[in-house]
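The values are calculated or read from the model by the stated rules, or taken from the named source; none is laboratory data. Quantities reported herein were computed from a predicted structural model and do not represent experimental measurements. Note that we place each Cβ from the backbone using ideal geometry, even for glycine, and neighbour counts take in every protein chain shown. For the accessible areas, the whole protein counts, side chains as well, though only heavy atoms, and no ligand, DNA or RNA atoms are used. Shrake-Rupley method; radii C 1.70, N 1.55, O 1.52, S 1.80 Å.
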Amino acid sequence: MDSDRQTGLTQVTLKGEIVRVVFTNPDNGYCVFRLADAQGVEYMVTGMTGGLYAGQHVEVTGYWENHRDYGRQLRADAVKFVLPNTPDGICRYLASGVIPGLGPKLAKCIVDQFGDQTLEVMDRYSSRLLEIPGFGKKRLKAIKAAWDEQQARRDIFIFMQSLGISPAYCQRIYRTYGNTAPAIIRQEPYRLADDVDGIGFVLADRVAAAQNIVRDDPARIAAGITYSLNQVKLSGHCCYPETAFLQYAAELLEVPTTTIAAGLQHAAERNRVVLVPQPDGNMVYERIMYRAETELPQLVAGLLTVRRHRGALMAKVPPLEGQQFTAEQYRAVTNAAQSPVSIITGGPGVGKTTVIGEIVRRARSAKLKIYLAAPTGRAAQRLSETSGIAARTIHRLLKWEPEERRFAYGLELKLPCDLLIVDEVSMLDVPLAVQLFRAIAPGTTVVLVGDADQLPSVGPGEVLNDFIASGIFAVTRLTRVFRQGAGSAIIANAHAVNAGRMPELGSGREDKNILRDFYWIEQDDPDKAVELIVRMVSERIPERFGMRPMRDIQVLSPMNRGSCGTVVLNEVLQAKLNGGHKPQFKMGDRVFRSGDRVMQTSNNYDKNVYNGDMGRIVNIDYEAKVFTVSFDRRPVAYEFAEVDQLALAYAITVHKAQGSEFPAVVIPLLNQHYMMLQRNLLYTAMTRARRLLILVGSRKAVSMAVRNAVREPRYTLLQHYLRAAVAPSQ
């Protein structure tokens, strides 16, 4: 813009209605849109405007430029949101739902009567609405009350949108702050990240920048340090070395490390962060994460140090006549009876289900009250099927109380069970582990089951591996493979990968008339791999194996991005499996249709839906702007603005598939996935398949994954705190 000013170009102001948003970048707010003025002449406008949508009326200030490819366009310095001033624009505005009880039909009647004077009539002469045939005093009173209530809100929304805040987020901000929203946004914009669901530091920072708040403002640095620690958590860390954190946060916030160091010290003095001395320097903790990682060991120690636990009664129950166990399996069952907290770990096909079944049998004979749980709904369902006892997700086991914003079971009210078995513990992160162990009463017998070689939890920490490595638990590692003897190539190849050996991919000349449970399809070209996957899911697997694409077949990709990532795969699979003229709505560049497979991507305690839950869209209500998703036959309603909590789930990442099993799994593994090609990722992906596994890709990519056994380090002090908590009692 400076170059334009230096050349003496004249600043231009345009007013009109946004006809179409051509392009928008949600990361930086850059937008390209077509603007129609009062005479209907259209102009192309570009700039860091953000939060725009078709139908809005704006006043744009900027400078003309000639783009090499797109011709003459206005490069906007500022966008001010205004009310419409044409009859058509006013009609669309009134019919948009901004006034409760005023729909498209009534809006047209009002505008037909008063034309471009409609808004002035609504503001100052509302009694004139009685001039409209059929418009009675009762309706007038209701419309006037709604309009007066909306007037202040309308000004607030115009103010917020002028800062680049989208209409959906305007609604959330207004619900949170009401009429105080403008004052809070002006004085404390970074509060948005803490108080408003879905608004993070990036958007709050953009709002602050629009109000000329400088990069090194103390409020920005304080919020930025919290944001940086949250980003660290998203990478799985509970804490981070101070020196590395200063560099990371400085790059993220684009300020000197000295500025971050001063802000970090200030945050530590105010107890917003915790600095824990270590031999190699301080570790930086977010306050809540520090509390979680130090509280968990104390809770565990309280269980391990009880003199008597109720599961000991299982030791008196004899084995069934003729029943045989390996020494490993017998030790796992014995540990459950002898130890208050025991761990069973091992890969697929090693008999974990058999051991759980025997522990449950003995507990029943001992008349113990048994609870079973797992981190995800699919894992809980599978545990129910194999044990014969209803299992629940950990969130549902603890019972979230929406009104009190906390779990019913916790420090004050303990779970009323004698034996608690938790499966798929590799998925358990530190925050959820704390919530679970708070609810376990001393004397309860706890059995933790999981595969330590799988991917670690999506959330911060590495609970299962840290529990095992701490040396304070009774651990049984099951190693003998049983299902391999039944001819399962899935199990054999998964164990081969876990041991660092290439899976048996075959020569490609196998008898095609013999159905197997594992197939390798060589295809190096990403675009052709996508076409092949769509054909496999929609045609070949259903025809040969009788499986239903929308229920039985799941595509797992190592990454979201790329030409063979989940984003592209979901688009093409949605078009193939759920296309046609079905009810649908669009949010941004994403289309959601009735019948779509979707996944919840964040915990929503109020709706009792949690990260990783999968369902189907069963209804779309355009008038109410609400759609319904069925999760295991349980309908859950969402507003259109809440769709950012969901993602299409025809294809999901391997990380999102943890804890789940599917009848058939198709996995692309290409060179373009090189950043994610790790042994534990491939191993985890392969073990998600129950009856059919198909790998599509290049041998080089498979080899890269098998050879790469380096696990990304996760910074955590849990092992240290566990040993320290138990040591005094030993």
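Key figures for this structure:
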{"quantity": "Residue ID - modelled with the highest pLDDT, chosen from residues in segment 152-196 that are small (G, A, S) and over 27 Å from I221 (Cβ atoms)", "calculated": "G178"}
{"quantity": "Meets criteria (part of a helix (DSSP H, G or I) and open to solvent by 60 Å² or more (accessible area, probe 1.4 Å)) for R362", "calculated": "no"}
{"quantity": "Criterion (out of contact with any Gly (no Cβ under 7 Å at 6 or more places or on another chain) and crowded, with 22+ Cβ neighbours inside 10 Å) met by exactly one of V458, V446, V430", "calculated": "V446"}
{"quantity": "So G562, is it among the small types (G, A, S), surrounded by fewer than 22 Cβ atoms within 10 Å (Cβ to Cβ) and out of contact with any Lys or Arg (no Cβ under 9 Å at 6 or more places or on another chain)", "calculated": "yes"}
{"quantity": "Flag if Q338 is open to solvent by 60 Å² or more (accessible area, probe 1.4 Å), under 24 Å from L436 (Cα atoms) and of a type in the set (S, T, N, Q)", "calculated": "yes"}
{"quantity": "Residue check, A315 in a helix (DSSP H, G or I), open to solvent by 40 Å² or more (accessible area, probe 1.4 Å) and on the phi < 0 side of the Ramachandran plot", "calculated": "yes"}
{"quantity": "Qualifying helices (runs of 4 or more DSSP H) (wholly inside segment 188-293; at least 3 residues being polar (S, T, N, Q))", "calculated": "218-234, 257-269"}
{"quantity": "Pairs where the first residue, in segment 251-275, is in contact (Cβ under 8 Å) with a residue 40 or more places away in the chain and hydroxyl-bearing (S, T, Y) and the second is in a loop (DSSP other than H, G, I, E, B) and open to solvent by 60 Å² or more (accessible area, probe 1.4 Å), C-beta under 7 Å, 6+ apart", "calculated": "T259/D216"}
{"quantity": "Odd one out for T13 among (1) open to solvent by less than 70 Å² (accessible area, probe 1.4 Å); (2) modelled with pLDDT of 80 or more", "calculated": "(1)"}
{"quantity": "When residues of segment 540-552 are limited to those that are open to solvent by less than 60 Å² (accessible area, probe 1.4 Å) and in contact with a Pro (Cβ under 7 Å, 6 or more places away or on another chain), the one nearest to V665 (Cα to Cα)", "calculated": "D552"}
{"quantity": "Tally of residues being open to solvent by 50 Å² or more (accessible area, probe 1.4 Å), of a type in the set (F, W, Y) and in a strand (DSSP E or B) across segment 607-636", "calculated": "0"}
{"quantity": "Matching option when the condition is over 22 Å from V82 (Cα atoms) and among the basic types (K, R), among R191, R154", "calculated": "R191"}
{"quantity": "Those strands (runs of 3 or more DSSP E) lying entirely in segment 566-606 with at least 1 residues in contact (Cβ under 8 Å) with a residue 12 or more places away in the chain and among the basic types (K, R)", "calculated": "590-593, 597-600"}
